[in-house]
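Written out below as structure tokens is the structure these notes cover.
The values are calculated or read from the model by the stated rules, or taken from the named source; none is laboratory data. Computed from a predicted structure; not experimentally measured. As a convention, Cβ positions derive from the backbone with ideal geometry for all residues, glycine included, and neighbour counts pool all protein chains shown.
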Amino acid sequence: MFFSPLYLIMVAPALLLGIWAQMKVTSAFNHFSRVPVSSGLTGAQAAARMLQGKGFQIVQSEDAVPHASNIIAIVETRGFLSDHYDPSTRTLRLSPSVYEGNSLASVGVACHEAGHALQHAQNYAPLNLRSLMVPIASFGAPLAIPLIVIGAIFAIPILIPLGILLFTTVVIFQLITLPVEFDASRRAKRTLAEMGMIQSGEEAAGVASVLNAAAWTYVAAAVSSIMTLLYYLMVFSGNRRGN
Ligand SMILES: [Zn+2]
């Protein structure tokens, strides 16, 4: 089932796209993390300015964030490209090279995460939808393919549509992720330019190439899930007809 020519034709290109996107994001980040930003701001400072510009108060500890206020925490976390916004504690967690670095990559990634904080504060609908889908998709993701495989091997027909249904929730989750990610990057690029934190021209292009490379990883993930889903649908609807 996984080594058929149909699987290779449908799913393998998307998996290769994913590998390519992952390499591209790493190389763009590595390259532009060595290009200093002329404003001299660190990622943490740029994100703080972006949020302060929208009326938020910034603290450096997530313990200091009360619920339902205009306070957002920006803290340093471990790892490489581990940057994220945590809506449950309203905290931006930035990796060391983003938090402390004053490069085009650092300010781009930091302001992208600040973009998620603004989406959250402004009740941006795709983000809310995505948050609703998190428990459903994280329940479905590890079960979907094992159910399909067990259903196929042991000829338990009910497991296959069940697995396909769970896999569909993963596809929906990844599709909703796309507008959320594109919008966060759009907010970052716009605010960095508008507030004069980067210069137009080369600096803006550098930030864009880091953020666009990151966007491709989400596109690749969505495409490979869609192709996998289509593959299962074709294989198992074909089987039914054959029987
Ligand atoms: Zn993001």
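Against the list (1) touching a residue at least 24 places away in the same chain (Cβ under 8 Å); (2) closer than 22 Å to Arg49 by Cβ; (3) more than 16 Å from the chain's Cα centre (by Cα), the condition Leu118 fails is (3). Only one of the listed residues (Ala137, Ala144) is under 16 Å from the mean Cα position of the chain (by Cα), in a helix (DSSP H, G or I) and more than 15 Å from the ligand (Cβ to nearest atom). That residue is Ala137.
Say we look at the stretch 193-207 and pick out the residues that are more than 15 Å from the ligand (Cβ to nearest atom) and assigned to a helix (DSSP H, G or I); which of these is nearest to Ala28 (Cα to Cα)? Within the stretch 193-207, the match that is nearest to Ala28 (Cα to Cα) is Gly206.
Let's see how each residue does on (1) in contact (Cβ under 8 Å) with a residue 12 or more places away in the chain; (2) surrounded by fewer than 20 Cβ atoms within 10 Å (Cβ to Cβ); (3) within 16 Å of the ligand (Cβ to nearest atom):
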position	(1), (2), (3)
Phe32	yes, no, no
Val37	yes, no, no
Gln60	yes, yes, no
Ile74	yes, no, yes
Gly79	yes, yes, yes
Gly101	yes, no, no
Leu104	yes, no, no
His112	yes, no, yes
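Give the residue, chosen from Ile145, Ile198, that is farther than 30 Å from Asn102 by Cα and among the β-branched types (Val, Ile, Thr). Break it down stepwise before answering.
Details: Ile198 fails: farther than 30 Å from Asn102 by Cα.
Going through Ile145, Ile198 in turn, the sole match is Ile145.
Considered as a group, the residues in the stretch 170-192 that are away from the ligand (no atom under 11 Å from the Cβ) and among the polar types (S, T, N, Q) include one that is farthest from Ala47 (Cα to Cα), and that residue is Gln174. Of Met227, Met234, all but one fail to be modelled with pLDDT under 95, over 30 Å from Gly101 (Cβ atoms) and surrounded by fewer than 18 Cβ atoms within 10 Å (Cβ to Cβ); the exception is Met234.
Could you look through the stretch 81-92, keep only residues that are over 19 Å from Lys54 (Cα atoms) and within 15 Å of the ligand (Cβ to nearest atom), and pick out the one that is surrounded by the most Cβ atoms within 10 Å (Cβ to Cβ)? Ranking the candidates gives Asp83 first.
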